[in-house]
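One structure is given below, encoded as structure tokens.
The values are calculated or read from the model by the stated rules, or taken from the named source; none is laboratory data. Treat the numbers as computed from the prediction; the structure is a model and nothing was measured. Every residue, glycine as well, gets a Cβ built from its backbone with ideal geometry; the counts of neighbours run over all protein chains shown.
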Amino acid sequence: MRSLAASTVLAAALSGLGISAAGAQARVPTIDIANTCKIAAEVTVSLTGGGSQNDLEICMKGESDARDQMIKNWSTFEASDRAGCMQPNAYLPSYIEWLTCFEMNKQVREMRARGQVTQDVLPKDRNGYYILPTVPGFASGKTYY
């Protein structure tokens with residue numbers, strides 16, 4: 001649980017941006033992180049043969065912290081990122097995944113602005129479609145969309 005002091009600091013920071021904590025919080029979908037973490041812990045146990053109650057607690061704290069960070073930085077996220085990154089009805093939705101998506105998209109935009117992402121990695125055909133590398137067992141030189 002978040003302390004009263006941390007909640008007060010968060011509210012003050014959001015207020016300085018012209019956003020109420022309740023306003024930002026209302027925009028961040030509420031997901032069942034207990035279910036997401038429980039299933040993730042079960043998968044870890046099935047894959048590794050081990051696990052602990054600590055795994056669940058670590059996951060819950062990470063998800064809670066990511067949600068708090070999303071609320072704090074809500075006004076800095078692009079509307080297109082919100083629409084593309086936040087999928088509350090996806091299988092095992094995760095605030096950590098959403099926050100990571102926001103951060104990655106921001107980094108790409110910044111790199112493009114600095115001219116660091118200027119050329120395509122894959123060649124394009126005359127119609128502008130990417131030409132994927134040849135994979136053994138598949139049609140050679142075929143363009144995929």
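In region 33-51, the residues that are in contact (Cβ under 8 Å) with a residue 40 or more places away in the chain and crowded, with 16+ Cβ neighbours inside 10 Å form Cβ pairs under 8 Å with partners that are of a type outside the set (A, V, I, L, M) and not in a helix (DSSP H, G or I), at six or more places apart or across chains, as follows: Ile33/Ser94; Thr36/Pro93; Thr36/Ser94. Taken over region 83-108, the criterion of being touching a residue at least 24 places away in the same chain (Cβ under 8 Å) and more than 25 Å from Glu42 (Cβ to Cβ) is satisfied by Phe102, Asn105, Lys106. Of all residues in region 35-52, those satisfying the criterion of being of a type in the set (A, V, I, L, M, F, W, C) and out of contact with any Leu (no Cβ under 8 Å at 6 or more places or on another chain) are Val43, Val45, Leu47. Checking each residue in region 7-43 for being at pLDDT below 80, assigned to a helix (DSSP H, G or I) and of a type in the set (Ser, Thr, Tyr) picks out Ser7, Thr8, Ser15. Scan region 65-95 for residues that are among the small types (Gly, Ala, Ser), in a helix (DSSP H, G or I) and surrounded by fewer than 16 Cβ atoms within 10 Å (Cβ to Cβ) and the total you get is 5.
For region 70-118, a tally of residues being at positive phi and at pLDDT 95 or above returns 0.
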